[in-house]
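K.L.:
Quick one: structure below, then a few questions.
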Amino acid sequence: MTSSNLRFSSKLPKAKTTIFTTVGNLARKNKAIDLSQGFPNFEIDPKLKELVTDAMENGHNQYATMQGYYGLREIISEKIEKLHKRLYDPESEITVTVGATQALFTAITAFVNQGDEVIVIKPAYDCYEPAILLNGGIPVYVQLDANGYEIDWQALKSKISEKTRMVIINTPHNPSGRIFSREDMLQLQEILRPTNCILVSDEVYEHIIFDGKEHQSASRFDDLAQRSFVCASFGKTFHVTGWKIGYCAAPAELMQEFRKTHQFAVFCVDHPVQRAMASYLKNEQNYLGLPSFYQEKRDLFLEGLKGSRFKYRPSEGTYFQLLDYTQITEEGDEAFAIRLILEHKLASIPISSFNVGNRQDGVLRFCFAKKNETLEEAVRILRSL
Ligand SMILES: Cc1ncc(COP(=O)(O)O)c(C=O)c1O
């Protein structure tokens, strides 16, 4: 109930309920198997719960430091150095955030001014554009082709102008499951070298990568690292999306600016959870074991789809698989996704809403971060179509 004297204009007039909420609600109402949203339906490691409980019992229940618990920043720094050979100073170059979402939002808010352009590669995860718009920025799109989702670097280069403040990338990429190769990153580095652009590198699926490939973090490349915010998510890595904890790493000068916004928007992140993460990260198997864990699930899902009418290219990373359904129906992806829920009790995400101009590619996204029996049941339904 609002006062009749109250007048306001929306800062995000075009924002509506996201497709995740719409599909999720419909899935729950219809008791559908839910392969739509990107979260696991299996139990988390009991050790993690123990560690959080211990932290609470040991009295870590008040504010942590603004940048994040030092012990956690220290081990994050060691992990990045070990994996990508780049040393970030835990004191000045790493900040713990409320999930990657807050890292992304804060990096955008700290640097995008009215009229600045930000390059967004579509289809894109949905939190980048609202953050750009709220800060008066202008998203400039590079649309990937549904036939392989390869990036055309020349197309991206042609979008860069005097007004470009930032470029946002996401590898491994949600929703396509494609990854940027070393050559891709080198091309990006050459394109950005003469510019004044900040790179925001969304690497939340950094540890979910298949077929022996390696994650090419922006932190691996000298010139990219000097202009980048590398954003990561413990929620994704440790199957605890509901804990909303992540971090970002950036050179001190950039991080100093980031923290000016961070300290007034958030100040600090859940303290006991930070303590737990710091201990849990000590066992590197907890993240290095992820590729084989998820590759098994991807393969189970795809093996089951052999002989079905779906076309696909195996996901290279993330826990998403795109399926092209154009041999089954000519329906738009939203209509087909809704029909799948209502008639077949299976939920997925139509990706047209992540494309420029809601382009229809006849593709749905399925999340395979699920128990094997859930995947087997989903496969049974998909094979029947
Ligand atoms: C590409 C991408 N970036 C960021 C996020 C958000 O991560 P977090 O839950 O840590 O905020 C997600 C979550 O689905 C994602 O897919």
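Quick note: the coordinates plus some simple rules give every number you see, no bench work behind them. Note that the structure is predicted; figures quoted are calculated from it, not measured. Don't worry about glycine lacking a Cβ; one is built from the backbone with ideal geometry, like all the others, and counts go over all protein chains shown.
K.L.:
Condition test on residue 214, is it closer than 19 Å to residue 172 by Cα, of a type outside the set (Gly, Ala, Ser) and buried (at least 23 other Cβ atoms within 10 Å of the Cβ)? Explain how you work it out, then say what you get.
P.N.:
Numbers: closer than 19 Å to residue 172 by Cα: yes; of a type outside the set (Gly, Ala, Ser): yes; buried (at least 23 other Cβ atoms within 10 Å of the Cβ): no.
Judged against the criteria, residue 214 is not a match.
K.L.:
Among the candidates 298, 309, which residue alone is surrounded by fewer than 21 Cβ atoms within 10 Å (Cβ to Cβ) and of a type in the set (D, E, K, R)?
P.N.:
Being surrounded by fewer than 21 Cβ atoms within 10 Å (Cβ to Cβ) and of a type in the set (D, E, K, R) holds for just one of 298, 309, which is 309.
K.L.:
Suppose we keep only residues that are buried (at least 24 other Cβ atoms within 10 Å of the Cβ) and aromatic (Phe, Trp, Tyr) within region 225-250. Which one would you say is nearest to residue 78 (Cα to Cα)?
P.N.:
Going through the qualifying residues, I end up with 247.
K.L.:
Is it fair to say residue 104 is surrounded by fewer than 13 Cβ atoms within 10 Å (Cβ to Cβ) and closer than 15 Å to residue 250 by Cα?
P.N.:
Numbers: surrounded by fewer than 13 Cβ atoms within 10 Å (Cβ to Cβ): no; closer than 15 Å to residue 250 by Cα: yes.
Spelling it out, it is not the case that residue 104 is surrounded by fewer than 13 Cβ atoms within 10 Å (Cβ to Cβ) and closer than 15 Å to residue 250 by Cα.
K.L.:
Then there is this: Out of the residues in region 146-171 meeting the condition of being of a type outside the set (A, V, I, L, M) and under 20 Å from the mean Cα position of the chain (by Cα), tell me which one is nearest to the ligand (Cβ to nearest atom).
P.N.:
170
K.L.:
So, restricting to helices (runs of 4 or more DSSP H) that lie completely within region 249-337, which ones have at least 2 residues that are touching a residue at least 12 places away in the same chain (Cβ under 8 Å) and polar (S, T, N, Q)?
P.N.:
Details: elements: 252-265, 271-280, 285-288, 290-305.
Ranges flagged: 252-265, 271-280.
K.L.:
Out of the residues in region 188-207 that are within 13 Å of the ligand (Cβ to nearest atom) and under 13 Å from residue 254 (Cβ atoms), which is surrounded by the fewest Cβ atoms within 10 Å (Cβ to Cβ)?
P.N.:
200
K.L.:
Hey, among the residues in region 48-64 that are among the aliphatic types (A, V, I, L, M) and over 27 Å from the mean Cα position of the chain (by Cα), which one's surrounded by the most Cβ atoms within 10 Å (Cβ to Cβ)? Walk me through how you get there before you give the answer.
P.N.:
Going through region 48-64, the residues among the aliphatic types (A, V, I, L, M) turn out to be 48, 51-52, 55-56, 64.
Next, only the ones that are over 27 Å from the mean Cα position of the chain (by Cα) stay: 55-56.
Working: 55: 22, 56: 15.
Among residues in region 48-64 that are among the aliphatic types (A, V, I, L, M) and over 27 Å from the mean Cα position of the chain (by Cα), the one surrounded by the most Cβ atoms within 10 Å (Cβ to Cβ) is 55.
K.L.:
Suppose we keep only residues that are in a helix (DSSP H, G or I) and of a type in the set (A, V, I, L, M, F, W, C) within region 229-244. Which one would you say is farthest from the ligand (Cβ to nearest atom)? Working first, answer last.
P.N.:
The initial filter retains those residues of region 229-244 that are in a helix (DSSP H, G or I), namely 234-237, 241-243.
From what's left, of a type in the set (A, V, I, L, M, F, W, C): 234, 243.
Numbers: 234: 7, 243: 9 Å.
Among those that are in a helix (DSSP H, G or I) and of a type in the set (A, V, I, L, M, F, W, C), it is 243.
K.L.:
Let me ask another. Tell me which helices (runs of 4 or more DSSP H) are completely within region 39-114 and hold 2 or more residues being more than 16 Å from the ligand (Cβ to nearest atom) and farther than 14 Å from residue 277 by Cα, or say none if there are none.
P.N.:
Values: elements: 46-57, 70-84, 99-111.
Result: 70-84, 99-111.
K.L.:
Cβ-Cβ below 7 Å, separation at least six or inter-chain, first residue in region 102-129 and in contact (Cβ under 8 Å) with a residue 40 or more places away in the chain and on the phi > 0 side of the Ramachandran plot, second more than 15 Å from the ligand (Cβ to nearest atom) and part of a loop (DSSP other than H, G, I, E, B): which pairs?
P.N.:
Final answer for the pair search is 115/136; 115/163.
K.L.:
Checking the structure you have, find out if any residue of region 145-154 is under 22 Å from residue 97 (Cβ atoms), β-branched (Val, Ile, Thr) and touching a helix residue (DSSP H, G or I) at 6+ places or on another chain (Cβ under 8 Å).
P.N.:
Of the residues in region 145-154, the ones under 22 Å from residue 97 (Cβ atoms) are none.
Looking through region 145-154, none of the residues is under 22 Å from residue 97 (Cβ atoms), β-branched (Val, Ile, Thr) and touching a helix residue (DSSP H, G or I) at 6+ places or on another chain (Cβ under 8 Å).
K.L.:
Where the second residue is more than 16 Å from the ligand (Cβ to nearest atom) and not in a helix (DSSP H, G or I) and the first is of a type in the set (S, T, N, Q) and lies in region 24-52, which pairs have Cβ atoms under 8 Å and are six or more apart or on separate chains?
P.N.:
30/345; 41/371
K.L.:
On to the next question. Just one of the numbered conditions (1) closer than 30 Å to residue 44 by Cα; (2) touching a Leu at 6+ places or on another chain (Cβ under 6 Å); (3) of a type outside the set (Val, Ile, Thr) is not true of residue 227; which one?
P.N.:
Single failed check for residue 227: (1).
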